[in-house]
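Colleague: Structure provided below as structure tokens; questions to follow.
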Amino acid sequence: MLIAGNWKMNPPTLAEAEALGRALRLAPPTPATLLVCPPFTALASLAALLRGTRIGLGAQNCAATPDAGAHTGEISAAMLRDLGASHVILGHSERRADQAESDALIRAKIAAARAHGLIPIVCVGETADQRRAGQAESIVAAQLAASLPDDFAGIIAYEPIWAIGTGLTPSAADVTAMHAALHADLAARFGARAEAMPILYGGSVKPGNAADLLALPHVGGALVGGASLNAADFLAIAAAG
Ligand code: PEP
């Protein structure tokens, strides 16, 4: 089980990010692997704070260009590796929507991440309208097919867009069906290598629903947004895994 916290553009100050890191550092060991993904500005501090703990460090994005160069405002995979990150979230629905990230761009970012040894956590998910129209599985399958390069290795996060930050979650049957479909798609494309591609569930995971969600077939962990900003809640979710 991997329990990954996506802090998004939070907390507002470095002091608060460090306080959250310190609270997590005191965590009792859990069977689940823990990962925190703070904003770029807090990565170096969190790397120092979490060094020697069992909590890993990830970023929330990287440039599609792998190396240094004239790309104003971008952060490369090489820079993230240098700071101590092991993972990077790519293709989050907020970036697909706010920054108009395409599947092709996400595929290029995955290649850049892998070129520098970062493990990508690739997000896919449907809107409420798409689910209502019965298109959830086909939309997610299309995102997966177009985002992943042929040599992909990494982690998938199924995050229904309508469940993110809303307190809503799909039914157990819907999560089970989607994760089974994703697993089948990965197996069809990557063969035995698919077994090493965990599929996380993300979208309003809280201490109260984590155990039920994490017990579902083909759910290899959780990508947690809002609840990862509270150390007690994040650790309770991890304990449920
Ligand atoms: C997310 O945005 O990755 C997420 C899962 O958010 P939340 O847990 O707040 O729904």
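The values are calculated or read from the model by the stated rules, or taken from the named source; none is laboratory data. This one's a predicted model, so the numbers in the text were calculated from it and none came from an experiment. Virtual Cβ from ideal backbone geometry, glycine too; neighbours counted across all protein chains shown. We work out accessible area using only protein heavy atoms, side chains counted, and drop any ligands, DNA or RNA first. Shrake-Rupley method; radii C 1.70, N 1.55, O 1.52, S 1.80 Å.
Colleague: First compute the accessible area of the chain with a 1.4 Å probe, then give the percent of it belonging to carbon and sulfur atoms. Write down the numbers at each step before the final one.
Modeller: On the way: 5840 of 10210 Å².
Looking at the chain in its full context, I get 57 percent from C and S.
Colleague: Next up: Please list the non-local residues whose amide H lies under 5 Å from the amide H of Ala157, H modeled 1.01 Å from N, same-chain partners needing a gap of 5 or more.
Modeller: Residues meeting the criterion, in which the H sits 1.01 Å from N, are Val122, Cys123, Val124, Leu200.
Colleague: I would also like to ask the following. In nm, to one decimal, how far is the modelled label at Arg54 from the one at Ala146, with both set 7 Å along Cα→Cβ?
Modeller: According to this spin-label approximation, the distance is 4.1 nm.
Colleague: Then there is this: Using amide H atoms built 1.01 Å from N in the peptide plane, name the residues 5+ places from Val36, or on other chains, whose amide H lies under 5 Å from its own.
Modeller: Distant-sequence amide H within range of Val36: Gly5, Gly56, Leu57, Gly58.
Colleague: Apply 1/(1 + (r/R0)^6) to the Cβ-Cβ distance of Glu195 and Leu168, taking R0 = 30 Å, and write down the FRET efficiency to the nearest 0.05.
Modeller: 0.45
Colleague: Would you mind getting the Kirkwood hydrodynamic radius of the chain from its Cα pairs, rounded to one decimal in Å?
Modeller: After inverting the pairwise mean of 1/r, the radius is 17.8 Å.
Colleague: Follow-up question, since we're still on this one. Please give the per residue accessible area of segment 114-241, computed with a probe of 1.4 Å over protein heavy atoms only, in Å².
Modeller: Normalised by residue count, the accessible surface of segment 114-241 is 39 Å².
Colleague: For Ala153 and Ala68 in the same chain, what is the full-extension length gain: residue separation times 0.36 nm, less their Cα-Cα distance, in nm? Could the numbers behind the result be given before it?
Modeller: Numbers: separation 85, 0.36 × 85 = 30.60 nm, distance 2.35 nm.
So the chain would gain 28.2 nm between Ala153 and Ala68.
Colleague: Say each of Asn230 and Ala104 gets a label point 7 Å from the Cα, pointing the same way as Cα to Cβ; how far apart are those two points in nm?
Modeller: With each label point 7 Å from Cα toward Cβ, the separation is 4.3 nm.
Colleague: Find the relative contact order for segment 2-240 and round it to a whole percent, using C-alpha pairs within less than 8 Å whose residues are 6+ positions apart.
Modeller: Working: 454 pairs, mean separation 48.3, N = 239.
After rounding, I find 20 percent.
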